[in-house]
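The values are calculated or read from the model by the stated rules, or taken from the named source; none is laboratory data. Given the structure is predicted, the values throughout are model-derived calculations rather than measurements. Here the Cβ positions follow ideal geometry from the backbone for every residue, glycine too, while neighbour counts run over all protein chains shown.
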């Protein structure tokens, strides 16, 4: 167990969660809960991988996978914004549809061989930084670096710009935003689709950079749901989401590495000698998410933080509400 | 509710010679929900067919195959009902929780925990081998419902007391339940290192119709088991619970308007935990019915996602217990026939499309839509 390796792996695979969570933050900040992240990620993953297999071009795969996630989210936007339907159910439907469709598309892809992946880079200079260099800037995929750029940009956009102010307004008080001339419907559409593009990108990141290949639903394996949970943990802040994503992925990597050595902290490693005990290790990430949500709920109540006030509420002009 | 100004599609400034006028409905005619549901399912099947056709399949052949291999004979009809059984119970679990707008997405995990609880009765074992069915089976039912109820009460408690999002908690607990089950079937209960337990003794099997083939020869080979009766009885009980009991009234009121319910002095915290526990108990019973009625042992792959399909079932049924029975039979057919359909994602895709068109169709329940010619 090497801490640098664990943290570097956490940054690499945490990038998936980071993209998905940032996308969901945009959507939820606009007041639209999208529980279809898992489905959109699966679509992004399968389209990206399939394109890379067919054309040999991972960049084209990245583009089409991202677009596939965005395309699926249009459905959610129409149903929840124009038709004002229940956002929870629509999101669940999106996950069913996305995973079903992805499995149909990916039917023959599980037998596909190796593909050329997106390039990995080591940043000269920065990789020499003690501690940080080997973790963040050594032999990481270009998408990891893209993640480093996206997070501060998203933070700046939401918190420091005029369009970001409009974004927060339509999520907190669409009636007030509307009366000030902000086009609530159009902006909500835009941010739901941005969320979908990010989810597609997250899926593409899995198959083109983190763990290439198509393994059906196991390709994404619940990371879309974990991203939704991360958004709550992050209290709708991209920076907190990034920290959470890297840490969570690092912990998951550590749980795998624990099973390797026959000695753990100077004692015989129980997970090495009794393999069935590792099922308890596999529970840990999910229990951790629950534990974190419980902890955050207490903090949210104390600091009066919380979800955007109009999250989950369809906006109907002229009707009482937010 | 105030009447609102009608919405026009497309909006002003369009050059189309007509526009759609959406007016808020003040009352919904009784026939309309049934009609929109039926219409939505037809549209969904048409869209699914179109996708299958684009993908190079023969949609008509696939649909004919689904119907033939699920309703074509008494034998396959019986198999369809066997698949519908766990859906009825998990569908009721979701319908009850959704009535209160509690999003229990964890019926899958509660199902697995119920299956585990029922198995524990004969595998630990809690009752000695050879205990008659009349004792073993009720004990298994109680154990399964208790395991499911406790597992359901956890998200209920966290939601009620700490305001933790129940969707995420129930989803995470699904994974935890799967690993818990895996531990037992790979570890302490594994038979010869395989990932399944030893078979249950016959006293722990739910009676099947085919068991009565000696008296009624037509029953030979019919796999329908007592679990179907559990589902039907549960539907009747939940129907009366929701529409005729005081707590049922409270649940519906909380679902319609949590604020009004609070002002009326209804204990939302308590009801949240109770509803989640009942919901979990129903899903747990489904798990017991599956291991004792179909598989007769505990293994990892006991559910092809019953707990998730249950969400759609509950929604198609408009959260009505009797509707859950009908919808379960339809989806039981889809699951049964779906096992032979390639690619394997087709049934999930069709489920997603059906759910989508259902929620989209509800716009017709909220709005009256008129086509208007543009005045010159």
message = Any residue in the stretch A:160-185 that is at negative phi and assigned to a loop (DSSP other than H, G, I, E, B) sitting within a Cβ distance under 6 Å of a residue that is surrounded by 13 or more Cβ atoms within 10 Å (Cβ to Cβ) and at pLDDT below 90? List the pairs, counting only those 6 or more apart or interchain.
response = A:173/A:322
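Across the stretch B:335-354, what is the total count of residues that are touching a helix residue (DSSP H, G or I) at 6+ places or on another chain (Cβ under 8 Å) and either more than 8 Å from chain A (Cβ to nearest Cβ) or in a loop (DSSP other than H, G, I, E, B) (or both)?
Going through the stretch B:335-354, the residues touching a helix residue (DSSP H, G or I) at 6+ places or on another chain (Cβ under 8 Å) turn out to be B:335-338, B:340-341, B:343-354.
Pick out the ones that are also either more than 8 Å from chain A (Cβ to nearest Cβ) or in a loop (DSSP other than H, G, I, E, B) (or both) and you get B:335-338, B:340-341, B:343-345, B:354.
Count: 10.
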remark   = Counting only helices (runs of 4 or more DSSP H) wholly inside the stretch A:1-119, the ones holding at least 3 residues that are in contact with a strand residue (DSSP E or B) (Cβ under 8 Å, 6 or more places away or on another chain) and within 20 Å of residue B:103 (Cβ to Cβ) are none
request  = Check the stretch B:286-296 and report whether any residue there is farther than 15 Å from residue B:108 by Cα and free of Cβ contacts under 8 Å to residues at least 12 places away in the same chain.
outcome  = yes
request  = Give A:62, A:72, A:42, A:67 a once-over and let me know the one that is under 17 Å from the mean Cα position of the chain (by Cα), surrounded by fewer than 24 Cβ atoms within 10 Å (Cβ to Cβ) and within 10 Å of residue A:200 (Cα to Cα).
outcome  = A:67
task = Could you list all residues from the stretch B:217-248 that are in contact with a helix residue (DSSP H, G or I) (Cβ under 8 Å, 6 or more places away or on another chain) and farther than 20 Å from residue B:325 by Cα?
result = B:218, B:219, B:220, B:221, B:247
remark   = Checking A:102, A:54, A:93, A:9 in turn, the sole residue that is more than 19 Å from residue A:230 (Cα to Cα) and either away from every other protein chain (no Cβ under 13 Å) or under 17 Å from the mean Cα position of the chain (by Cα) (or both) turns out to be A:54
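Quick one: in the stretch B:42-58, of everything that is in contact with a helix residue (DSSP H, G or I) (Cβ under 6 Å, 6 or more places away or on another chain) and at pLDDT 85 or above, which residue is nearest to residue B:356 (Cα to Cα)? It would help to see each step written out before you state the result.
Just the residues of the stretch B:42-58 that are in contact with a helix residue (DSSP H, G or I) (Cβ under 6 Å, 6 or more places away or on another chain), to begin with: B:43-44, B:47-49, B:52-53.
With the extra rule that they be at pLDDT 85 or above, the set shrinks to B:43-44, B:47-49, B:53.
On the way: B:43: 10, B:44: 8, B:47: 11, B:48: 12, B:49: 15, B:53: 20 Å.
Restricting to residues being in contact with a helix residue (DSSP H, G or I) (Cβ under 6 Å, 6 or more places away or on another chain) and at pLDDT 85 or above, the top hit is B:44.
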query = What is the one condition in (1) out of contact with any strand residue (DSSP E or B) (no Cβ under 6 Å at 6 or more places or on another chain); (2) in contact (Cβ under 8 Å) with a residue 60 or more places away in the chain that residue B:259 does not satisfy?
reply = (2)
ask   = Residues B:57, B:75: which one is under 30 Å from residue B:221 (Cβ atoms) and surrounded by fewer than 18 Cβ atoms within 10 Å (Cβ to Cβ)?
value = B:75
inquiry  = Would you confirm whether or not the stretch B:212-234 contains a residue that is surrounded by fewer than 16 Cβ atoms within 10 Å (Cβ to Cβ) and within 12 Å of chain A (Cβ to nearest Cβ)?
reply    = no
request  = Select from the stretch B:317-334 the residues that are assigned to a helix (DSSP H, G or I) and more than 10 Å from the chain's Cα centre (by Cα) and list them in ascending order.
outcome  = B:321, B:322, B:323, B:326, B:329, B:330, B:332, B:333, B:334
ask   = Can you name the residue in the stretch B:358-367 that is over 18 Å from the mean Cα position of the chain (by Cα) and in a helix (DSSP H, G or I) and, of all such residues, is nearest to residue B:26 (Cα to Cα)?
value = B:366
message = Which numbered condition in (1) within 14 Å of chain A (Cβ to nearest Cβ); (2) assigned to a helix (DSSP H, G or I); (3) without any contact (Cβ under 8 Å) to a residue 12 or more places away in the chain is the only one that residue B:135 fails?
response = (1)
task = Examine the stretch A:275-284 for a residue that is at pLDDT below 90, surrounded by fewer than 17 Cβ atoms within 10 Å (Cβ to Cβ) and more than 9 Å from every other protein chain (Cβ to nearest Cβ), and state whether such a residue exists.
result = no
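Residues to consider are B:49, B:106, B:39; find the one that is over 30 Å from residue B:182 (Cβ atoms) and touching a residue at least 24 places away in the same chain (Cβ under 8 Å).
Details: B:49 fails: touching a residue at least 24 places away in the same chain (Cβ under 8 Å); B:106 fails: over 30 Å from residue B:182 (Cβ atoms).
Selected residue: B:39, the only one of B:49, B:106, B:39 that is over 30 Å from residue B:182 (Cβ atoms) and touching a residue at least 24 places away in the same chain (Cβ under 8 Å).
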Filter result for the condition that a residue is within 19 Å of residue B:371 (Cβ to Cβ), at pLDDT below 90 and surrounded by fewer than 21 Cβ atoms within 10 Å (Cβ to Cβ), over B:32, B:26 = B:32
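Here is a yes/no grid of residues against (1) out of contact with any helix residue (DSSP H, G or I) (no Cβ under 9 Å at 6 or more places or on another chain); (2) under 19 Å from residue A:73 (Cα atoms); (3) away from chain B (no Cβ under 13 Å); (4) in a helix (DSSP H, G or I):
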| position | (1), (2), (3), (4) |
| --- | --- |
| A:196 | no, yes, yes, yes |
| A:200 | no, yes, yes, yes |
| A:204 | no, yes, yes, yes |
| A:209 | no, no, yes, yes |
| A:213 | no, no, yes, no |
| A:219 | no, no, no, no |
| A:224 | no, yes, no, yes |
| A:231 | no, yes, no, yes |
| A:235 | no, no, no, no |
